[in-house]
1. For residue 88, indicate whether it is farther than 15 Å from residue 227 by Cα, touching a helix residue (DSSP H, G or I) at 6+ places or on another chain (Cβ under 7 Å) and either at pLDDT below 95 or not in a loop (DSSP other than H, G, I, E, B) (or both).
2. Taking the range 14-44 as the search range and keeping residues that are closer than 27 Å to residue 98 by Cα and loosely packed, with under 11 Cβ neighbours inside 10 Å, which one is modelled with the lowest pLDDT?
3. Only one of 230, 215 is under 24 Å from the mean Cα position of the chain (by Cα), within 26 Å of residue 156 (Cα to Cα) and in a helix (DSSP H, G or I). Can you tell me which?
4. Right, residue 17: without any contact (Cβ under 8 Å) to a residue 12 or more places away in the chain and closer than 29 Å to residue 207 by Cβ or not?
5. Looking at (1) at pLDDT 90 or above; (2) under 24 Å from residue 29 (Cα atoms); (3) part of a loop (DSSP other than H, G, I, E, B), which one does residue 206 not meet, given that it meets all the others?
6. What single numbered condition from (1) buried (at least 17 other Cβ atoms within 10 Å of the Cβ); (2) assigned to a loop (DSSP other than H, G, I, E, B) fails to hold for residue 47?
7. Just to be sure I understand, how many residues within the range 171-203 are out of contact with any helix residue (DSSP H, G or I) (no Cβ under 6 Å at 6 or more places or on another chain) and part of a loop (DSSP other than H, G, I, E, B)?
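The values are calculated or read from the model by the stated rules, or taken from the named source; none is laboratory data. All values derive from a computational prediction rather than experimental measurement. Positions of Cβ are generated from backbone atoms using ideal geometry, with glycine treated the same way; all protein chains shown enter the neighbour counts.
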């Protein structure tokens with residue numbers, strides 16, 4: 001079997017590890033977009049929340065100020081649509097290649113695929129409560145995930161200003177933390193262009209903090225069989241809402257006390273074969289070889305006197 005050195009280059013990057021752009025309630029952020037986004041079609045799976053075999057409801061305030069009981073839903077997942085991109089762009093669904101599209105056509109329990117976007121952006125350090133850039137200057141690189149509604153807004157800003165590299169975007173204040181609802185407007189100047197030092201710092205931050213697989217930050221890639229399992233989970237919970245007998249939910253939620261007792265009775269009446277004992281040879285585990293750890297550090301330099309902004313970014 002091959003060996004692997006304990007070096008940073010050999011670490012696996014998980015999509016959940018890379019920082020995302022998120023605003024807290026009433027928070028504001030000032031950001032810079034330096035490249036165009038990646039996009040893909042995704043399905044968002046949500047299913048009714050089942051507690052003790054019954055669907056859960058909550059009182060939710062309506063737009064007119066009244067309250068109504070609404071079904072509480074659990075987030076199941078956001079997988080990439082398995083449909084053909086050409087068909088999705090033309091028809092909006094691909095029932096032949098994607099079981100979620102097929103289910104979405106047949107039932108309203110599953111939503112049709114939607115375009116989602118992801119791109120790395122620069123977030124400035126700002127003074128508390130506003131959009132003014134803090135001193136000393138600082139910034140970070142995160143991934144911004146957004147929907148068609150935000151994409152359309154960015155298109156309008158680009159049409160007005162010519163390029164998103166020439167302006168900063170002001171986000172907020174955030175009106176709803178859960179749904180990330182906030183206004184987006186253009187600042188009068190791009191803070192990264194006001195000095196050569198700021199330009200060099202932003203370019204270095206952007207180049208050195210890119211995600212290895214940005215498409216993985218749009219939606220989860222899953223096999224067809226896994227998608228079918230999630231679809232069956234969603235369908236099982238809706239059957240309970242519609243009055244069908246509860247079934248076992250693979251996420252461990254208790255849906256029926258009777259089902260649990262039946263399973264316990266079966267376990268008590270079924271004989272269990274004892275596992276054969278096995279002697280462990282420590283020598284077999286460790287062998288006689290030695291462990292070798294190697295490192296290969298890499299250094300990076302940044303030219304602080306760069307002034308051609310487009311040449312800096314076009315090569316990324």
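1. Taking the combined requirement at face value, the residue does not satisfy it.
2. Only one residue fits best here, namely 14.
3. Within the list 230, 215, the selection yields 215.
4. In short, yes.
5. Only one criterion in (1) at pLDDT 90 or above; (2) under 24 Å from residue 29 (Cα atoms); (3) part of a loop (DSSP other than H, G, I, E, B) is unmet by residue 206, namely (3).
6. Condition (2) is where residue 47 drops out.
7. Of the residues in the range 171-203, 15 are out of contact with any helix residue (DSSP H, G or I) (no Cβ under 6 Å at 6 or more places or on another chain) and part of a loop (DSSP other than H, G, I, E, B).
Here's the yes/no breakdown for (1) surrounded by fewer than 19 Cβ atoms within 10 Å (Cβ to Cβ); (2) touching a strand residue (DSSP E or B) at 6+ places or on another chain (Cβ under 9 Å); (3) at pLDDT 95 or above:
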position	(1), (2), (3)
72	yes, yes, no
77	yes, yes, no
82	no, no, yes
97	yes, no, yes
104	no, no, yes
124	no, yes, yes
144	no, yes, yes
151	yes, yes, yes
171	no, yes, yes
